[in-house]
Structure formats: C-alpha cells, structure tokens
Amino acid sequence: MSKRFLFIISILIVLSLTLGACAQPKPQTLKVAILAPLSGAVPTFGVSTRDGALLAIKEWNAKGGVLGKQIEAIVEDSQCEADPAVNAANKVINQDGVKFIIGEVCSKASIPVSEIAEEKGVVQISPTSTNPNVTLKADGSTKQYVFRACFIDPFQGLVGASFAINELGAKTAFIILDQGNDYVRGLAENFEQAFTQKGGQIVGKETYTSQDTDFSAILAKVAEAKPDVVYLPDYYNIVNLVTAQAKEKGITAPFLGGDGWDSAELDRAAAEGGYYTNHYSDQDTRAIVQQWVKNYQAEYGSVPDALATLAYDAANLLLAAIQNAGTDDPAKVKDAMANIKWEAVSGTITFDQYHNPIKSAVILQVKDGQIQYVTTVAP
Ligand code: PHE
C-alpha cells in the first residue's frame, strides 16, 4: 500500500468521523445524581424521593433546563444503608462524572456519602436526612459542600417532647430505639433531653437491632411501666411491627414518633392513635402546597408525602443555586447555595451557618385510619 493511499484513507476516516459527529451532535447535559433507597427496608422512601426530584427536573427541562443545558438525572438505589450508598456515590462521581448529588434519605447513608462529597468537592443536598452530623465534621465545623432541605433532629425531638407534655399532658415517657441507626439514636436522645428538661420523666428505655422482629420482651416492660406516651422514632417498617405487637399486648398509651413514620405503607390500623412530627402536610392550605399536590397527583396519581415534597424542594434548590452561580463549577455553586433564599413547598429556605434550613415542623395524628394534620410548630 502506498503512503499516498494510506494518507487519503486516513483523511477520509477523519472527515467521516467529524461529519458524523456534526450530523448527530451530542447535546450537552448537566448531570444530577439522585441517591434513593429504592430497595431494602424502606422502599417507599426511595420511590417518593426519586419521583419528587424527577418532577422538579422535568419542570426545569420544560423551561429550558439550567445554564442552557438539559438536566440529566442519574438515579441510583442506595438502600438506606452506608455501604450501598457509598458505592452509589463513588459510581456517580467516578464513572458518570457527576458534580451534584441529591440524597440520601436516611441519615446513616447520607453521613458517609457526605464525607465523599466534601472530599471530592461535589455538592450534596439531602432532602430529608435530619441527623446534625450530615452537614457537620467531627470537629463541629460545617462541611462546605453539604446541605439539607429539612430541619434537624434536635428541633424535631424538642417539638415531639413539647407536644407530649403540653398537648397530651404527658408526665412520663418510655423510649424504644435502635442503637445502630444514627437517625433513631439521635432523635431518641434529643427527645429524652427535651422531655426531661421540661419536667417529664423517662420511665424506661429499651433498645433493639434492625434485625429484630419480636418486640414482646420490650413491650412487656412498657406494659409494666405504664408510661403516658411511648416514643418510637424509627422508620415505618419497624413502627408497623412494634405498634401491631403493642396492640396485641393491650398497650393503650399513645405512640409518638418522627418523620420516619411517613409512608403510604404505615400500618394505620396498628398505629391508630399515634402522633408523629413531620416536614409537611398535604392538608396545608397554602397555595404553593395545593398546587404541588395537584401537579404531583397529575403526574403520579398519588398524594405526595414529605419525602417526595422535600426531594422536589431539594432539586429546585440545587438547580436554582446552579442558576444563581451562573456556572456548574461546584465550588461556586456551594457558595450560591449557602446564600440562597428559596420559596419551597415545605417553607421558605435560607441556610444557617451549619447549612441547615430554619423551618417549621408539623404534627400529624393517625386517626380513624387517616393521617390528620394537628398543628404546625415554628422554631
Ligand atoms: N429523617 C430521616 C433520617 O434522617 C429520614 C426520613 C425523612 C424518613 C422524612 C421519612 C421521612 O434518617
């Protein structure tokens, strides 16, 4: 083969590649990862979170995207557990080149992800992880790249304790908790502290592990202690087991919990009479909430829970911060985020120095098989 022939062939190859590329230009997208527990113990958390975030992204894309680019969502199943969440975070950062993460839901998964985000300079916003350590380093300083769209558990625990004492007239409480779950352990501590500070007495505290399914030994102690309320700040899967077994044992003291109760799969018959603190109520009459409920219903055919709502808020916050920064450089976006003021469905969001929004909580009651709005508590 002559040199000249080879030369012509190579020119042709280069030309065809260039033309091919021109004929089908690959549109530039801005990638956003959504880390959500789609499988594992609490799949309704994942589905709601994914759906809420995707709806926000769809709305932005319909309006032209952000920085002139369409937004591409990369959804990963992080299972509400540390290891799968870390693997998912590494995958989206190292393989997909993602610079923005929405997630995780569960504090015990968001905390290890936040360490990676901070180290790699990737902006992370958790919609719903309420443990303070999500945004705080061990030395108490703030992780510069990590934010959340929800209030934190010292506030949530205080709201629960005040409600028990002031509204339910409780003088004594029994706490049941999973020591191995950062969220549960933290919230139980925050409740205990607030309850005793307000003059209440903790008459029993028992722990279990996430593998446990038989709570009869613990519930026997509850029955004996006869507390005015039982604090059970776990996720709906555990709440379903414990409240059903408590009903069988004839325990009538009301159960009280936190946002982890929020699920379409909460066993309302078993949890009947219980109360929990949450981020939002679909019965909120503010126009922004009712519009959101309508839009979500039109898209998915169901009423959005707090997880869907906060994921929608978190995605909007992130995209607005990118827009405000005028660049997708995460170092700039994190600064824009720290200074943002955003009218979210779950309330107006501005961040304090720890990257926590200052927001109200709602109290909901499981009553007549429905979830009823009781009251809103401002910080
Ligand atoms: N706050 C919980 C956590 O930090 C997660 C959660 C939020 C669950 C809202 C349900 C509803 O682990």
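Throughout, read-outs are computed from the coordinates displayed, never taken from laboratory work. Keep in mind the model is a prediction, meaning the values are calculated, not measured. Note: ideal-geometry Cβ built from the backbone for every residue, glycine included; neighbour counts use all protein chains shown.
E72: net charge of surrounding residues, Cβ under 13 Å, Lys/Arg +1, Asp/Glu -1, itself excluded?
Numbers: positive: K26, K31, K58, K69, K99; negative: D96, D328.
Once positives and negatives cancel, what remains is +3.
Cross-link candidates for K294: which aspartates and glutamates have Cα within less than 18 Å, leaving aside residues fewer than 8 places away along the same chain?
Candidates past the 8-residue exclusion: D51, E59, D282, D284, D305, D313, E343.
Could you list the chymotrypsin sites (Phe, Trp or Tyr not before Pro) in the range 258-335 that lie in coil according to DSSP, counting only those with at most 14 other Cβ atoms within 10 Å of their Cβ?
Values: sites: W261, Y275, Y276, Y280, W292, Y296, Y300, Y312; in loops: Y280.
Sparse-neighbourhood loop chymotrypsin sites (Phe, Trp or Tyr not before Pro): none present.
Can you tell me the FRET efficiency between K198 and A378 if r is taken as the Cβ-Cβ distance and R0 is 22 Å, rounded to the nearest 0.05?
Details: r = 17 Å, r/R0 = 0.79.
The value I calculate is 0.80.
Filter K137/K221; K91/K143; K137/K359; K143/K205 down to the pairs with a C-alpha to C-alpha distance above 29 Å, please. Intermediate results must be reported in sequence, preceding the final value.
Numbers: K137/K221 38 Å; K91/K143 21 Å; K137/K359 22 Å; K143/K205 33 Å.
Pairs exceeding the cut-off: K137/K221; K143/K205.
Among bridges DSSP assigns within the chain, what percent are antiparallel (round to 5)?
Working: 17 of 48 bridges.
The antiparallel fraction comes to roughly 35 percent.
As I understand it, the value is the acute angle between the Cα axis of helix 306-325 and the longest principal axis of the Cα atoms of the chain; what does it come to in degrees, rounded to 10?
So the inclination is approximately 40 degrees.
Only helical DSSP H runs with n ≥ 4 go in: add -39500 (n - 2.57) per run for the chain, normalise by residue count and round the 222 nm mean residue ellipticity to 500 deg cm²/dmol. Walk me through the numbers on the way to the answer.
Working: 11 runs with 156 residues, N = 379.
Using -39500 (n - 2.57) per qualifying helix, the result is -13500 deg cm²/dmol.
Ranked highest first by average number of other Cβ atoms within 10 Å, how do 248-260, 59-71 line up?
On the way: 248-260: 20.7, 59-71: 14.8.
So the peptides 248-260, 59-71, ranked by packing, come out 248-260, 59-71.
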